[in-house]
Structures are given as structure tokens and as C-alpha cells.
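The values are calculated or read from the model by the stated rules, or taken from the named source; none is laboratory data. What you see is a predicted model; the values in this text were computed from it and never measured. Virtual Cβ from ideal backbone geometry, glycine too; neighbours counted across all protein chains shown. Note: accessible area is taken over every heavy atom of the protein model, side chains too, but ligands, DNA and RNA are not part of it. Shrake-Rupley method; radii C 1.70, N 1.55, O 1.52, S 1.80 Å.
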Amino acid sequence: MKLESGRDPHLREVVWFAVHCRALTLLLQASPEPRALFNLLIPDHAADAFSPPRLSQPGWWDTLVEQLLGGLSCWDAEHFLFIAEQGYLYEHNCAFFPLYPLSLRAVAEVALWPLRWPLRLRSRLLLSAVLLNALCSTLAAAALYKLGCAVLGSRRVAALAALLFSIGPANVFMAAAYSESMFSCLAFGAMWQLEEGQGWPSTLLFSLAAGVRANGLVNAGFVLYSRGKSLALQLQEGPGSVRKLLLMGQHLLRAAPPAVVACAGVLLPFALFQYYAYTRFCGTGSSVEQAVPEPLLQLALDKGYRLAATTNGTQPPWCSQQFPVVYSYIQDTYWNVGFLRYFELRQIPNFLLALPVTLLSSWAAWTFMAANPRHCLTLGLERRKSEESKPRAGFCCPTVFVYVVHATVLLVFGFFCMHVQVLTRFLGSSSPVLYWFSAHLLQEHEPLLQSHGPDPQTAAPGSEEPRPGEPPGSCGKGPPGNAVVRLLRGYRSLTPRSRGLLGFFLTYWLLGLVLHCNFFPWT
């Protein structure tokens, strides 16, 4: 991905702000004073989370790393760090896809090779997570900006959305040893490349994203829609005739194989990982049990964890299914994930935790549909002369359609079928719509941002050329420099809507640091 930040002041500001926000997150988490205050206000919660025993005694430097960065290894981070160190030893580890832990191990063994004497592997993996996530989250912000320029047609709105990404409500998971940063980097980069017409590079990035998180499979829809829309628009050129029907058949025959190959490429990492899990846990038995350190064997006995390919001859139930998919089995058996299973009275606090992002995403979908009813009804496959002659900029631009559909699908699935508290990071790391719509609300309705002239660099979707004649109040307006910093400095003078929106972002960022690092369930 070629970013060229030196030529674009907006991109340079986005990268600068992303680096500083990540540094601030690490500073708040690592500094003794804030952490002591957090622990004083909210002591560590005794959570029944995965916590494998340490197999070697920590040295002085290991203890220091754990004291400074240990808050970033809570909850799912323990799984990623364990997989990177021990591999897929326990069955439920297979809920976490391999590209991120493999990357952690590579960084720890290669980039941090000089530190192998003072630091044990576990400490180097934790350092690798911090470094890798800092890089990926910065690249994700830059890719989100470039994607916004291509889709929204306004550099100002695209930059504001990318700046909001850096202070997003799921910010703590972009710093912790979670796979969200890497997934956002790959997914946003793939979307940007697809908008630029780079079909195969985008397919490669989508495929890599599917090797990071399971919801990367949904991104195959972008590939299908892009190719389907291109075909539909081609078929609407010229008058209808028998010859046109023949041409339609030719177009379909030419378009189908690349689309099938591209989708297969996106789905391939998931299929390969399920096959790997099958061979590891459904085999006839091996010497794996004897190779497992005694403390890890004892943990399996105490917690009821299933080890890989043990010699007792028993196989997990999913091995005998017609399509043995370990991922769905783990979600169902270990975490009780399924349709409406989370709809219980005791889960009301978690639903309240997910309420802001649910309302914001629903509001975004409704706003777009209200502005583009015909475009939504025709799935954006109808060629309209009005859109060609006067393309709109901003969130209500027709090119946003497929992203709104993607976000809505994730929202509905997450709300009804997942642990609802993860919706914030689920949507925040997977879809640009949360940030585009937030930027739209601030840009359109905040007088502090409207007090400056129109954006001289507003461009039509997919173009870098300025669009003349943009009316006042359009999405292209905004102040020069860092709009988020300007809004925060003038927070008291903002409208209630703007204060509430920024308050949601900043409050969840701070609460995420306090609660997540103290083992409380947080998004």
C-alpha cells in the first residue's frame, strides 16, 4: 500500500495523531501512577478467564515488562500469547485464528532476537504485540483515510474519520495483544485497494484478513459486489437487443471465473485452518500428550480442556460431523454463542454497554437509506444519470452503500448471535461506517467546524481532483489542521450532539483502559 504521507498534509496529520494516541494509551497503561490509581479505584476482578501457568521463572527484566505491559495481556490476549508460545495445544485455542500469533512469534524471534538473553519468550511476545499493534493501528488509520478519500469524495471528512479512529471507543483493544489492529489494517487496506481498482491486491489483503479474524469471511461480499456492480453497469449501456443478450452471456462467462477465484481466495485461510484443526484434534493419536509440560497437562485436567490428538482414542464430537468445523463448535460449546442465547436478564448491563454503538450504527444506516431510498432498493446496480452528472460528497454519497450494508449485517449478527458487549470492538475494527458517520455528524452539524471555508481538496469518489461548486454546509467543509484537537479544545462550546459523540469515544477509551486492564468484561 503506497501512502505517500509527505505529499498529503491530511495524511501526515492522521499518521502523526495515530502515533501520539497509541503512545498516550501505552503511557496511561504503563505508568505507575495511573495504574496505581486505576487499581485503587477498581481492584482486579477475579475473572474465570484463560490463565495458563508460566513455565519458567521470570527474571528481573521479565518482571519489569510484566509490570509495565501486563495490563495488555488480559482476557483473549492470553490466548494469542499462549498460541504464539505453545501452539494450538488446547481445543478452545482454535477460536483464535493463526496469522496474528504467528506474526507475534516472528517478531519475537527475528526483530527482538537480541533480547532473548535478558527476556524470556513470553516477555518478548508481549513486547512484540505492543510494537506490532502500534504499527498496524497507525497503518489502519492511514488506510481508512485513503479509503475515505476514494469513497466519500472529501479529504476533510476522510481525515476527520481517520482521526476519530485513533481515539475510538475500542482503542484499548488496538493496543492490547488482540488481533483487532492487524485486522483493521488489512481490511481497510483491502477496501481501499478495491476502490482503486486493484482487484488482486485487494483480494490478497482480504485473504490475509480472513486469516486474522473469522468475520473476515464476510469481506468476500465486497469482492462479489464490486464485480457484480461492474457487470450490471456494463449491461445497461446502449439499447436492448438480441445482440445485447449475447453480449450479456459473454460478460457473465468472463466475469464469473475471476469472481469465483477471488472469493475462494478470501475463504481459503478459514478452510485451511479448519483442516489443520481437524488433523490436530481428530487424528488417531500421537505422542503429543507426552510432549506437553506437566503444568499444562494439569491445567487441562483441572479445567477440562481438550488436548490435541491425545492417545486415549476419544475424538471431539465435531470430528464426526459432515462438515467438521471446529470454530462453530467452540463458539457453541465453550462460550454459548448462538441466536438469542445472550438475551437474559443478567446480561442487561452488557446490552447497555453495547447500546451507544448499536444506536450510532442504526442511525447511520437509517440516515443513508433515507437519503438514498432508490439506490438502496436497486442495490446500487442501476445506472442513474443524475448521479453521474452531480455526484454527492460525504456520508450520503451512493458509493457508501456497500459499506452500510456490511456494517448493518455485522450489527444484526453481533446483536442477536454474539456476546453483545463485543459489538463495540467488533464494529470498530471491521467497518469504516462508525467513523464516517461520526465525522459526518460533526462536519455537518457542528458550528465550530463550519466556521471555516469549504475544503479546497474535496474530490469526487475515486478522484483526487477538486470538485467546483460545492454548496456551503457540504461535507467538504472543515477547519485546517487537526479537527479533533480543535473540537476537544473548544469542548464547552460544542453542541450537545457533538459533546455526546466525543464523550462516547473518549469515555469508552478511558473506561476500556481502567476496566479491561483489571480483568473486568469490557466490550
Extension length gain for Met369 and Phe339 (0.36 nm per residue less Cα distance), in nm, is 8.2 nm
Could you state the accessible area per residue of region 113-160 in Å², with a 1.4 Å probe and every protein chain left in place?
26 Å²
So the FRET efficiency between Trp200 and Glu66, C-beta based with R0 = 35 Å and rounded to 0.05, is 0.20
Cα convex hull of region 47-142, projected area averaged across orientations, nm²:
6.8 nm²
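Pairs of alpha-carbon atoms within less than 8 angstrom and 6+ residues apart define the contacts here; what relative contact order does region 315-410 have, in percent?
Relative contact order of region 315-410: 23 percent.
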Please list the equivalent ellipsoid semi-axes of region 108-185, computed as the square roots of five times the alpha-carbon gyration tensor eigenvalues, in descending order and whole angstrom.
32, 12, 8
Of region 64-84, those with amide N under 13 Å from the point 7 Å along the Cα→Cβ vector of Leu27 are none
Arrange the residues Arg156, Arg497, Arg486, Arg122 by how much accessible surface each exposes, largest first, with a 1.4 angstrom probe.
Arg497, Arg486, Arg156, Arg122
Given a 1.4 angstrom probe, I'd like the percentage of the accessible area of region 105-262 that is carbon and sulfur, rounded to a whole number.
70 percent
Give me the 1.4 Å probe accessible area per residue for region 309-448, excluding ligands and nucleic acids, in Å².
47 Å²
Computed accessible area, Met369, all protein chains, 1.4 angstrom probe, square angstrom:
90 Å²
Could you go through region 201-214 in sequence order and give the Karplus-derived ³J(HN,Hα) for each residue, using 6.51 cos²θ - 1.76 cosθ + 1.60 with θ = phi - 60°, rounded to whole Hz, and x for Gly and Pro?
x, 5, 5, 4, 5, 4, 5, 5, 4, 5, x, 9, 9, 5
Computed label-point distance, nm, for sites Ala291 and Arg497 using a 7 Å Cα→Cβ extension:
6.0 nm
Sequence of Val110, Val514 when ordered by accessible area, the most exposed leading, probe 1.4 angstrom:
Val110, Val514
Calculate one ³J(HN,Hα) per residue across region 67-82 by plugging θ = phi - 60° into the Karplus curve 6.51 cos²θ - 1.76 cosθ + 1.60, and present them in order as whole Hz with x for glycine and proline.
5, 7, 10, x, x, 8, 10, 8, 6, 5, 4, 4, 5, 4, 5, 5
